[in-house]
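Worksheet: one structure, shown below.
The values are calculated or read from the model by the stated rules, or taken from the named source; none is laboratory data. These numbers were taken from a predicted model, which means no experiment stands behind them. All Cβ positions, glycine included, derive from the backbone under ideal geometry; neighbour counts span all protein chains shown.
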Amino acid sequence: MRRLIFPILLGVSGCAVLIWLGVWQLQRLEWKTAILSQIEDRIAAAPAGLPETPDPEADRYRPAIVEGEIAGPGLRVLVTPDGLGPGHRRIFRFEIGGRSILLDAGWAPLEGGAVPEGPIEVTGNLHWPQEVDGWTPEPDGDLWFARDVGAMAAALGTEPVMLVARTLSEPGGLTPVPVGTAGIANNHLEYAITWFGLALVWAAMSVYLLVRTVRRTA
């Protein structure tokens, strides 16, 4: 009987830890789902004017509607959005009265697309995307490989503020790619299933160990 104590303790403790991890991931799933719902509600809220001093945290995803003009050729970011194929996000200096901000006007094909001219009205969301990592290549002239609000603002001489267009009154050859939650990872359900699956495997192995131990002592 003493020989059975260790495999029993090993099996129970191992299953308990793995089940706890699975339950924890389900709790994280509930938390993350609530956060994503809040973000979606904020994105879809009624747009207002541009705040005087936008804050990267407090004003992230804030809806805004502004009127201004595109100034200069801007920058290109190599992307392949779902349903659109390879192309560039077009990032422009956008003049709004006495201010200038970054405008992510949307997607254009690799061969280029007509840029709206004259005053246009833009409805979109403020965003400070965090796309740059240690693997991101350095910009090659006006061609970039990720959006970096600070660096792009310095390159175009604007405030470090980006408005990602949802609609353009004159889109020209551009297709807006609005802010959304699709790119925000929410893998907690998969993690929970993995932990629960490991708990089942651990339980089966523990039963097998117990059976072998009993046979040896029989």
Subset of segment 58-92 that is without any contact (Cβ under 8 Å) to a residue 40 or more places away in the chain and farther than 15 Å from P176 by Cβ - its residue that is surrounded by the most Cβ atoms within 10 Å (Cβ to Cβ): A71
Residue in segment 76-99 that is out of contact with any strand residue (DSSP E or B) (no Cβ under 7 Å at 6 or more places or on another chain), within 30 Å of L198 (Cβ to Cβ) and not assigned by TED's automatic domain parsing to the domain that holds R215 present: no
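Just checking, which of T194, T175 is among the hydroxyl-bearing types (S, T, Y) and closer than 19 Å to R90 by Cβ?
Working: T194 fails: closer than 19 Å to R90 by Cβ.
None of the others qualify; the one that does is T175.
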Say whether the condition of being touching a residue at least 40 places away in the same chain (Cβ under 8 Å), surrounded by 15 or more Cβ atoms within 10 Å (Cβ to Cβ), over 23 Å from R42 (Cα atoms) and not aliphatic (A, V, I, L, M) is met by at least one residue in segment 126-137. no
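Here is a yes/no grid of residues against (1) in contact with a Gly (Cβ under 6 Å, 6 or more places away or on another chain); (2) basic (K, R); (3) not in a loop (DSSP other than H, G, I, E, B):
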residue: D41; (1), (2), (3): no, no, yes
residue: L50; (1), (2), (3): no, no, no
residue: V115; (1), (2), (3): yes, no, no
residue: P129; (1), (2), (3): no, no, no
residue: T136; (1), (2), (3): no, no, no
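Condition check ((1) farther than 30 Å from D104 by Cα; (2) surrounded by 15 or more Cβ atoms within 10 Å (Cβ to Cβ)) across all residues:
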| residue | (1), (2) |
| --- | --- |
| A155 | no, yes |
| L163 | no, yes |
| P171 | no, yes |
| P176 | no, yes |
| L198 | yes, yes |
| V211 | yes, no |
| R215 | yes, no |
Any residue at all in segment 77-85 that's over 14 Å from L102 (Cα atoms), of a type in the set (A, V, I, L, M) and modelled with pLDDT under 90? yes
Only one of A199, A154 is without any contact (Cβ under 8 Å) to a residue 40 or more places away in the chain and not in a loop (DSSP other than H, G, I, E, B); which? A154
